[in-house]
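Below is one structure, written out as structure tokens; the observations come after it.
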Amino acid sequence: MANQVIKCKAAVAWEAGKPLSIEEVEVAPPKAHEVRIKIIATAVCHTDAYTLSGADPEGSFPVILGHEGAGIVESVGKGVTTLKAGDTVIPLYIPQCGECKFCLNPKTNLCQKIRVTQGKGLMPDGTSRFTCKGKTILHYMGTSTFSEYTVVADISVAKIDPLAPLDKVCLLGCGISTGYGAAVNTAKVEPGSTCAVFGLGGVGLAVIMGCKVAGASRIIGVDINKDKFARAKEFGASECINPQDFSKPTQEVLVEMTDGGVDYSFECIGNVKVMRAALEACHKGWGVSVVVGVAASGEEIATRPFQLVTGRTWKGTAFGGWKSVESVPKLVSEYMSKKIKVDEFVTHNLPFDQINEAFELMHAGKSIRTVVKL
């Protein structure tokens, strides 16, 4: 089907706040420096739900959502030299062109080569490859994995081990990589450290895993849903607390528990009040707090400047700081060699036509990750 339009199924978000609709879409062939991928499996992430809710300032409709996927290259456009049909790949919402000043700086992973068009739901040439019922359908985060076939920029693709199970490693396209990297890349947790992780969903569990791999001696999980505590301990949490069990602010509880505060804290919810609590739970003089969760549009963070003057550091992370094209294949290898967990994040598997149920499971707090097979 190279150079031809492919008709296939996709879950289209026609408008904000409405369930996805399984439709037949037309997927145009890849243009120069683009790759068309047959998606085998995709997971549903809170970011997809955030955009679908209508709260995302960059959210535009109609659109094909999805950014945690894995598949096989079906065809490549002109000028693509690093990939070929048949390659096993993970699409990337943060590309790595290797040329922009961001890619050339070891301090960041935020490649800006196609940022403007990606934010508008378009391919780098300013157009879309999706149509449905005669209407142009927008791309999402440069990936659009809720489609049997998708087209992405060649700088937004990681070529991975062909033996890797795609219904598992699709999770390395976002959540696991983000949390794990927040601990090992952004915070650079050291052996013997004390850590607190606020929010024990998929990203929070990945942070716990990263802290454990880095050799943290004490990892405290924080969540208002005590049903998440047992799983957090399986991932490496040494203890868990529920803020609702205390009459004082969570940061005061943690400061008392840890003789002055934790060395590292992580906010994995996207709640600005929790971000403050996470910073203020850090130890005076050296504590580092990492914002991992994405807050709603227009939200602002606050704390007393004295918290920072007395030696605490506030940091943020996107995709765990990984330079994507080069790092995701290594993460797949770490999974294959059992250094990091992936299978344990998958709590549900559903067929493609039940994708809306995956959102329901997530909103109900019943799933960590639901994988949808296409």
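The values are calculated or read from the model by the stated rules, or taken from the named source; none is laboratory data. Note that the structure is a prediction, hence the values are computed from the model and not measured. Methodologically, a virtual Cβ is constructed for each residue, glycine included, from the backbone with ideal geometry; neighbour enumeration extends over all protein chains shown. For accessibility, only protein heavy atoms count, side chains too; no ligands or nucleic acids. Shrake-Rupley method; radii C 1.70, N 1.55, O 1.52, S 1.80 Å.
Observations, loosely collected:
- Surface analysis of segment 93-174 yields an accessible area of 42 Å² per residue, using protein heavy atoms and a 1.4 Å probe.
- Here the gap between S217 and K338, fully extended at 0.36 nm per residue and compared with their Cα-Cα distance, gives a gain of 41.5 nm.
- Element breakdown for the chain at a 1.4 angstrom probe: carbon and sulfur atoms account for 53% of the accessible area.
- Projected over all directions and averaged, the alpha-carbon convex hull of segment 258-374 occupies 10.4 nm².
- In summary, the lysines within cross-link reach of K159, defined as a Cα separation below 16 angstrom excluding same-chain residues under 8 places away, comprise K38, K84, K168, K323, K330.
- Working note: Karplus 6.51/-1.76/1.60 with θ = phi - 60° gives segment 254-263 the couplings 5, 4, 5, 5, 10, 6, x, x, 7, 6 Hz, where Gly and Pro are set to x.
- Förster radius 35 Å - calculated FRET efficiency between K373 and N242, Cβ distance, rounded to 0.05: 0.50
- FRET efficiency, 1/(1 + (r/R0)^6) with R0 41 Å, evaluated for D227 and S297 via beta carbons: 0.85
- Helix 324-336 vs. the chain, principal-axis angle (Cα, 0 to 90°, nearest 10): 70 degrees
- When every Cα-Cα distance of the chain is counted in 10 angstrom steps from zero, the calculated P(r) takes the values 5, 25, 33, 23, 10, 3, 0 percent.
- Rough spin-label spacing in nm, given labels placed 7 Å along Cα→Cβ, for K107 and E256: 4.0 nm
- At an R0 of 51 angstrom, the distance between the Cβ atoms of V309 and R115 translates into a FRET efficiency of 0.90.
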